[in-house]
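Heads up: the structure comes next, in structure tokens.
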Amino acid sequence: MNKVLKAAVIASSIIALLSCSASPTGRKRVLLYDDSKMSALGAQSFEEIKKQEKIYTDKATNDYVACVSNAVTAEIPGHYGDEDWEVVVFDSEQVNAFALPGAHVGVYTGLIKVAETPDQLATVIGHEIAHVLAEHSNERLSQNQIAGIGTAVAAVAIGVSDDIKHKGAAMAALGLGVQYGVLLPYGRAQESEADLMGLDLMASAGFDPRASVFLWQNMAKAGGGSVPEFLSTHPSSQTRITDLNSRMSRAIQLEKQAIAQGKSPQCIRPASFDAKDTSKESDVDKTS
């Protein structure tokens, strides 16, 4: 091993040791970037998306998405900070949604068609916000940096480079890979964390957690034989549904507590998004 490579390995090891932290579920990981830098990257990326995508201006639709989003974000524990989340609806057939560091949420009209109820939409929004709360974008950028393959991407992330060539990869680390042609999917552990954290968030807001299973089934059926954009980076499987069912009893209790506290979101889905009825058969554990 030459001296330069050896020094790089030693430096990376020291950084990893100094930056080691636990995820919300206790999983060990490394985070190299502070919150302010990740928030700046999220804000910059969101502004670019708003310039490139068509914003949907229908008031009823924006009110609906804001109603669901606000109910979910109101349940974010205080130790994550008290931020006002910016919510934007994009006019696109993409079956997709995302959340970014710095408190930004984007929802595509294609998703509203597939997420047939406010409870189902809350499932997706809770899931995406959970990725932000769990700092999964920071984790992925940090992994790339330590591996020595993401130096340019990391440079963009921390604001020392405006290299357009690497912005797509930086945005992919935020969960925006489909839109920008760079696939950098979350790992199974990260997806599981987002599923379970998101389920707790939406249930605590008074939404029905059992709708999460219907949502993932609708996702799998969306687009005929094609794979919805959301699922191309968010793998859906029987394992995912099994994991949700294993958490369902707790989530239902959270929902009951929320209702007892007077939390009952009255979010009205615009009739323009209604489609033909789909099968309501579910794998929800009926004993929950």
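Taking the criterion of being open to solvent by 30 Å² or more (accessible area, probe 1.4 Å) and aliphatic (A, V, I, L, M), the only residue of region 84-108 that qualifies is Val87. Scanning region 242-284 for residues that are at pLDDT below 95 and among the β-branched types (Val, Ile, Thr) gives Thr242, Thr278, Val284.
Scanning region 66-83 for residues that are within 17 Å of the chain's Cα centre (by Cα), surrounded by fewer than 17 Cβ atoms within 10 Å (Cβ to Cβ) and in a loop (DSSP other than H, G, I, E, B) yields Ala74, Pro77, Glu83. Looking only at region 109-126, which residues are outside any helix (DSSP H, G or I) and buried (at least 24 other Cβ atoms within 10 Å of the Cβ)? Within region 109-126, Ala115 is the sole residue that qualifies.
Filtering Leu196, Leu184, Leu201, Leu231 for residues that are part of a helix (DSSP H, G or I), within 14 Å of the chain's Cα centre (by Cα) and modelled with pLDDT under 75 leaves a single hit, Leu231.
The values are calculated or read from the model by the stated rules, or taken from the named source; none is laboratory data. The shown structure was predicted, so the numbers you read here are calculated from the model rather than taken from an experiment. Glycine gets a Cβ as well: all are built from the backbone with ideal geometry, and neighbour counts include every protein chain shown. The protein model used for the area step is the full one, side chains on, heavy atoms only, and it has no ligands, DNA or RNA in it. Shrake-Rupley method; radii C 1.70, N 1.55, O 1.52, S 1.80 Å.
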